[in-house]
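One structure is given below, encoded as structure tokens.
The values are calculated or read from the model by the stated rules, or taken from the named source; none is laboratory data. Keep in mind the model is a prediction, meaning the values are calculated, not measured. Glycine also receives a Cβ, built like all others from the backbone with ideal geometry; neighbour counts cover every protein chain displayed.
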Amino acid sequence: MVANEKKPILPYTPSSLETVDFAMFEWLDDIMNVFCSTNEGWKKVPCVWVAGERAGQRANKIRNLKIQNPTGAITYPIITIERASVTKDPTKKGAFYGNIMPVNDAKGGSIMIARIIKQDKTANFLNADSARQFGVNGAAKPSGGQINFPSKKKNKKIVYEQISVPMPVYVDITYRINIQTEYQQQMNEVTQPFMTKTHGVNQFFVKKDGHRFECFMQSDFSQENNVNNMGEDRRIFITKIDIKTLGYLIGQGKNDPQPSKVVRENAVEIRIPRERTIFDDKPEWKPGPSTRGKYRS
């Protein structure tokens with residue numbers, strides 16, 4: 001690696017509830033990408049997150065979603081999605097069934113996700129061993145020597161840079177998709193992709209920021225239509241679809257006092273200095289050129 005070259009940054013973002021929410025919404029809006037017939041032709045059905053925050057309303061304006069007419073009424077067809085429930089069930093585990101406790105220090109971290117060799121520090125240990133055995137150019141040993149010289153001896157002092165993260169906590173999240181249309185033909189065109197997208201099973205995956213979550217579409221496509229009402233109310237066809245998602249959360253988010261990504265280096269050698277070296281005692285005999293008036297550790 002060149003001296004001025006920057007180290008590559010690990011593209012890692014902790015998973016949170018918003019990560020799972022974004023993954024589900026992008027799957028609905030981009031992957032499903034449902035269209036249907038309208039009075040303006042073959043048109044994409046707008047997908048809206050039902051949360052009423054201002055940020056969500058502003059996002060709808062940026063995406064140029066016309067979900068309301070000039071009178072303020074909702075324009076159909078429309079698809080809305082909401083997070084209906086979150087359950088933490090200890091009996092439902094993911095890849096890490098056991099509880100892996102974090103390291104008992106200020107950094108924490110439970111699971112190692114990456115490990116690379118620190119070439120500069122590993123080379124320092126190897127060169128130090130070579131210098132003690134053969135000497136280097138200009139050293140006291142007459143044999144001379146050369147740093148970074150290839151050796152047949154296996155190097156056991158390898159320094160690794162290890163990256164660890166907190167243990168994922170798995171939660172069951174239920175998302176509810178509401179499809180609302182004014183005509184039966186529109187409802188048929190919108191709901192059919194949800195029935196056939198996963199083929200003969202009801203399982204699929206959603207992805208966001210390098211994370212992948214397993215989802216299960218429920219079998220019941222419940223309908224709450226008011227077409228049997230002969231009053232003057234607006235005719236609406238409503239179909240509700242529940243999707244159970246096995247998500248996982250890493251860390252406590254912004255409330256976590258420990259970092260979401262911990263970088264450590266392993267210890268390759270332990271040295272215990274002699275007692276006289278600790279107290280900086282002077283030798284009783286005449287010091288040689290290598291001792292420089294002190295005990296060698």
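Say we look at the range 1-58 and pick out the residues that are at pLDDT 85 or above and among the polar types (S, T, N, Q); which of these is surrounded by the most Cβ atoms within 10 Å (Cβ to Cβ)?
Quick first cut of the range 1-58, residues at pLDDT 85 or above only: 13-49.
Now drop any that are not among the polar types (S, T, N, Q), which leaves 13, 15-16, 19, 33, 37-39.
Working: THR13: 13, SER15: 23, SER16: 20, THR19: 20, ASN33: 12, SER37: 14, THR38: 17, ASN39: 7.
The extreme case among them is SER15.
For every residue, the table says whether it meets (1) outside any loop (DSSP other than H, G, I, E, B); (2) surrounded by 13 or more Cβ atoms within 10 Å (Cβ to Cβ); (3) without any contact (Cβ under 8 Å) to a residue 40 or more places away in the chain; (4) polar (S, T, N, Q).
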| position | (1), (2), (3), (4) |
| --- | --- |
| VAL86 | yes, yes, no, no |
| LYS93 | no, yes, no, no |
| PHE96 | no, yes, no, no |
| ASN99 | no, no, no, yes |
| ALA114 | yes, yes, no, no |
| ASN124 | yes, yes, yes, yes |
| SER130 | yes, yes, yes, yes |
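Tally up the residues in the range 73-90 that are of a type in the set (Ser, Thr, Tyr) and within 23 Å of SER16 (Cβ to Cβ), please. I'd like the intermediate steps shown before the answer.
To start, the set of residues in the range 73-90 that are of a type in the set (Ser, Thr, Tyr) comprises 75-76, 80, 85, 87.
Restricting the remaining residues to those that are within 23 Å of SER16 (Cβ to Cβ) gives 80, 85, 87.
So the answer is 3.
Quick one: is VAL190 crowded, with 16+ Cβ neighbours inside 10 Å, modelled with pLDDT under 95 and not basic (Lys, Arg)? Spell out the reasoning first.
Numbers: crowded, with 16+ Cβ neighbours inside 10 Å: yes; modelled with pLDDT under 95: no; not basic (Lys, Arg): yes.
Answer is no for this residue.
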